[in-house]
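Novice: The following block contains the structure, expressed as structure tokens.
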Amino acid sequence: MQKIKKMMPYLVVLLITFYLLPLCMRNTGIAMILTLIVMPLLCLICSLIYGFKQGLCWLYPIAVAVLFTPTIWIYYNSSAWVYILVYAGAALIGDFVGMIACRCKAKC
């Protein structure tokens, strides 16, 4: 339960990202930029910060995937299932790199 409480600020940022940014999609070009660049980048940045502060937690990428899943039915179509893997992967990579950066900082 303590780990989930520490994740909450980062998950709230991702919740806003996943549920409010799609409202800005006015055409296909903007939709592609948001889903392929902006949202994965925000996911990666939040995960880097989380990994740096809290260390590696396997629950974090799973929580990111669970947060994104309902948006498939709200904003996208069935072809958006692959984005679950993209965003969870970005969260896992960011969390891992953040943890490594924290360890390197501690050694210096």
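Novice: Enter the angle in degrees (range 0 to 90, nearest 10) between the Cα long axis of helix 2-20 and the first principal axis of the Cα atoms of the chain, meaning the one along which they spread out most.
Specialist: 30 degrees
Novice: If you bin every alpha carbon distance in region 2-107 into 5 Å steps from zero, what whole percent lands in each bin?
Specialist: 2, 13, 24, 24, 16, 10, 6, 3, 1, 0
Novice: Given contacts defined as C-alpha pairs under 8 Å and at least six residues apart, what's the relative contact order of region 2-107, whole-number percent?
Specialist: Working: 115 pairs, mean separation 38.5, N = 106.
For region 2-107, the relative contact order is 36 percent.
Novice: What is the helix-to-structure angle for 39-54, meaning the angle in degrees between its Cα long axis and the longest Cα principal axis of the chain, kept from 0 to 90 and rounded to the nearest 10?
Specialist: With rounding to tens, the tilt is 20 degrees.
Novice: Helix 82-107 against the longest principal axis of the chain: what's the angle in degrees, Cα atoms only, rounded to the nearest 10?
Specialist: Orientation of helix 82-107: about 20 degrees from the principal axis.
Novice: While we're on this one: What ranking, highest mean first, results for peptides 68-81, 46-59 when packing means the other Cβ atoms within 10 Å averaged over each residue? Spell out each step's value before the answer.
Specialist: Numbers: 68-81: 13.4, 46-59: 18.1.
Order by mean packing, descending: 46-59, 68-81.
Coordinate-derived values only; no laboratory data. Since the model is a prediction, treat every value here as computed from it, not as a measurement. Counting neighbours? That spans all protein chains shown, and the Cβs are built from the backbone with ideal geometry, glycine included.
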